[in-house]
Ligand code: GLN
C-alpha cells in the first residue's frame, strides 16, 4: 500500500539527479488530486487509489524524461483560469500574468471613461492573455491573432471553455487586422523573443513550439514587424504593451523611440527584478 506521503517522497532522488525542481512532484500530485476532488493535504497518510497511483507513476516518468508538467497534465493555470495546453502552444508563464496585471491597471488609468475598448493580442498562442483580459475587463472587445492554425484551435477551445468572447484571426502579426481594417485602442503582444542561438532549458527547447520562442538573430524581429505596421491598426492615443526578454530593454527602447516619437515609453521589471514588460502610450498628458 502507498500513501500520498510516500508518493511525495519516493521520486526525490530521481528529480535531483535530473535537475528538475522538487516542487514539481508536489505540484503534479496536487493537480491529480484536485481533478478527483481529493484534498491532498488532508489525505497525506491515506492509501492512494490504484487509478491515481498509475496516473502519477506514468506522469512522473514523462516528467523525468524532460516533458513539461503542464503538457503531461494537458492544462495550465493562468490568472486563475484553466487553459488547455499541448505541444502546439507555449505554456503560459508567470511573468505573462504580470503583463496582464499591468495592462489592467493601465486600462483603469487611461480608459476609465470608455464604454468599449478595442484590444488585440498578437500571437495569442493558448489564448492566455486575451482570455484573462476579457474575463477581467468586460468592456474590452478582444481580437486575438496567430499564424498557427494548431495554436488557434487550442486558443478557441480555451476561450469557449472559459466563456470568453474573443474574435480570432489567423495570420502573420498585424496582417489580418490590417486586411479587416480593425482599429485598436490597445495592442498587446508576447512575441517570440529568444535570440536564435541562445541556449535554453532542454524541457523548453525539446517540447515547446519554436515558432513561439525564437525571434530571429537578436530576438527583436517580431517587435520590429509590429512597430513598423502599428500605426495602420492603432487609433489615436493608443496603448501598446509587450513582454520582452530580460536583456532587451536598451535595444527596444531605442527601437520604440524611432517608431513612437512623442509617446511615453516605459520598461517594468518582473517579480524576479528582470526587465520584462514594455509599455508605449501615445498622446495625452502624462502627469499621473
Ligand atoms: N519567457 C519564455 C521563456 O523563457 C519565452 C517567451 C517568448 O519568447 N515570448 O521560455
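Based only on the alpha carbon positions, what is the Kirkwood hydrodynamic radius of the range 98-155, in angstrom? Before the final figure, lay out the partial values.
Values: mean 1/r = 0.0844 Å⁻¹.
Taking the inverse mean of 1/r over all distinct Cα pairs, the range 98-155 comes out at 11.8 Å.
Please report, in Å, the Rg and the Dmax of the range 71-172, where both are computed over Cα atoms only.
Considering the range 71-172 through its Cα atoms, Rg and Dmax are 13.0, 44 Å.
Given a 10 angstrom Cα cut-off, can you work out which residue in 48, 154, 233 is the most mobile in a GNM of the chain?
Among 48, 154, 233, the largest mean-square fluctuation in the Gaussian network model of the chain belongs to 48.
If one computes the Cα centroid of the range 62-94 and of the range 179-217, what distance in Å separates the two points?
For the range 62-94 versus the range 179-217, the Cα centre distance is 17 Å.
Give me the distance between the Cα centres of the range 263-279 and the range 121-166, rounded to whole Å.
One Cα centre to the other: 23 Å.
Give the dimensionless ratio obtained when the Cα radius of gyration of the range 173-223 is divided by 2.2 N^0.38 Å.
Values: Rg = 13.9 Å, N = 51, 2.2 N^0.38 = 9.8 Å.
The reported ratio for this selection is 1.42.
Tell me, Kirkwood radius of the chain from alpha-carbon pair distances, in Å? Write out the running numbers ahead of the final one.
Values: mean 1/r = 0.0491 Å⁻¹.
Averaging 1/r across every pair of different Cα atoms and inverting gives 20.4 Å.
When the expected Rg is taken as 2.2 N^0.38 Å, what fraction or multiple of it is the alpha-carbon Rg of the range 1-90? Intermediate results must be reported in sequence, preceding the final value.
On the way: Rg = 13.1 Å, N = 90, 2.2 N^0.38 = 12.2 Å.
After normalising by residue count via 2.2 N^0.38 Å, the value is 1.08.
Let me have the relative contact order for the range 48-160, percent, based on Cα pairs under 8 Å that are six or more residues apart.
Relative contact order here is 23 percent.
When the helices in the chain are scored as -39500 (n - 2.57) per DSSP H run of 4 or longer and the sum is shared across all residues, what 222 nm value do you end up with, to the nearest 500 deg cm²/dmol? Working shown, then result.
Values: 12 runs with 116 residues, N = 288.
Helices in the chain give a 222 nm mean residue ellipticity of -11500 deg cm²/dmol.
Taking the alpha-carbon centroid of each part, what is the distance from the range 221-248 to the range 20-48 in angstrom?
41
Is the range 198-268 rounded, prolate or oblate when judged by the Cα gyration tensor, a ≥ b ≥ c being the square roots of its eigenvalues, rounded requiring a/c under 1.5 and prolate requiring a/b larger than b/c? Walk me through the numbers on the way to the answer.
Numbers: a/c = 2.55, a/b = 1.99, b/c = 1.28.
Cα axes put the range 198-268 in the prolate bin.
Using 0.36 nm times the number of residues separating residue 183 and residue 167, minus their current alpha carbon distance, what extension gain do you get? Present the calculation step by step, with values, prior to reporting the outcome.
Working: separation 16, 0.36 × 16 = 5.76 nm, distance 1.37 nm.
Contour length minus the Cα-Cα distance gives 4.4 nm.
Using the basic label-point model (7 angstrom from Cα toward the beta carbon), what is the residue 149 to residue 265 distance in nanometres?
Distance between the two pseudo-spin positions: 3.8 nm.
If you build the Cα gyration tensor of the range 1-157 and take the root of 5 times each eigenvalue, what three semi-axes come out, in whole angstrom, biggest first?
Working: eigenvalues 268, 58, 37 Å².
After scaling each eigenvalue by five and taking roots: 37, 17, 14 Å.
Relative to the longest principal axis of the chain, what angle (0 to 90°, nearest 10) does the C-alpha long axis of helix 149-161 take?
80
Going by the alpha-carbon gyration tensor, a ≥ b ≥ c the square roots of its eigenvalues, is the range 120-254 rounded (a/c under 1.5) or, if a/c is not under 1.5, prolate (a/b greater than b/c) versus oblate? All intermediate terms of the calculation are to be shown ahead of the outcome.
Values: a/c = 1.82, a/b = 1.21, b/c = 1.50.
Since a/c reaches 1.5 but b/c is at least a/b, the shape of the range 120-254 is classed as oblate.
Given contacts defined as C-alpha pairs under 8 Å and at least six residues apart, what's the relative contact order of the chain, whole-number percent?
Values: 472 pairs, mean separation 38.7, N = 288.
Reported relative contact order: 13 percent.
Hey, in the GNM for the chain with a 10 angstrom Cα cutoff, which one of 152, 140, 253 fluctuates hardest?
253
Each value in this text was obtained by applying a stated rule to the coordinates, not by laboratory testing. Everything quoted here is computed from the prediction, not taken from an experiment. Don't worry about glycine lacking a Cβ; one is built from the backbone with ideal geometry, like all the others, and counts go over all protein chains shown.
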